[in-house]
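The values are calculated or read from the model by the stated rules, or taken from the named source; none is laboratory data. No experiment lies behind these values; they were computed from the predicted model shown. Positions of Cβ are backbone-derived with ideal geometry, glycine not excepted, and every protein chain shown enters the neighbour counts. These accessible areas exclude ligands, DNA and RNA; they are computed on the full protein's heavy atoms, side chains included. Shrake-Rupley method; radii C 1.70, N 1.55, O 1.52, S 1.80 Å.
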Amino acid sequence: PPDLCPAHTEVFQWMGKRECHFINGTEKVRYVERHIYNRELYVMFDSDVGHFVGFTPYGEIQAWCCNRDPVIMERRRAEADSYCRHYYELFAQPLMER
């Protein structure tokens with residue numbers, strides 16, 4: 001890891017990333033959600049896997065909690081349709097016209 005000066009040692013960063021992967025238009029859609037803390041991926045949801053996976057001890061706890069909650073799981077599993085296909089329809093046509 002880079003050697004941080006004391007002025008930067010108390011800087012924390014959390015980032016959430018949502019990705020949509022399209023194969024043959026919207027025939028096959030994959031939704032991936034990543035949660036990153038200080039450049040380290042700690043938990044991820046992949047619609048192909050169908051549940052959260054933890055990559056750190058804290059991420060494993062978060063994945064366990066989310067996987068037990070039926071409301072969270074239903075929403076995440078529906079994101080391929082409600083989130084990805086929605087934005088595909090908004091942006092695909094203008095991009096294909098270029």
Enumerate the pairs (first residue in region 21-35 and at positive phi; second residue anywhere and exposed (fewer than 15 other Cβ atoms within 10 Å of the Cβ) and outside any strand (DSSP E or B)) with beta-carbon separation below 8 Å, excluding pairs fewer than 6 apart on the same chain, so at least 6 apart or on different chains.
G25/A92
Anything in region 28-53 that is open to solvent by less than 20 Å² (accessible area, probe 1.4 Å) and part of a strand (DSSP E or B)? List them, or say none.
V29, Y31, V32, E33, V43, F45, D46, F52
Mind checking whether some residue in region 81-90 is more than 18 Å from K28 (Cβ to Cβ), open to solvent by 60 Å² or more (accessible area, probe 1.4 Å) and not in a strand (DSSP E or B)?
yes
Quick one: which residue in C20, C65 is more than 30 Å from F91 (Cα to Cα) and either at pLDDT below 95 or assigned to a helix (DSSP H, G or I) (or both)?
C65
R77 - would you say it is under 20 Å from W14 (Cα atoms), at pLDDT below 95 and open to solvent by 100 Å² or more (accessible area, probe 1.4 Å)?
no
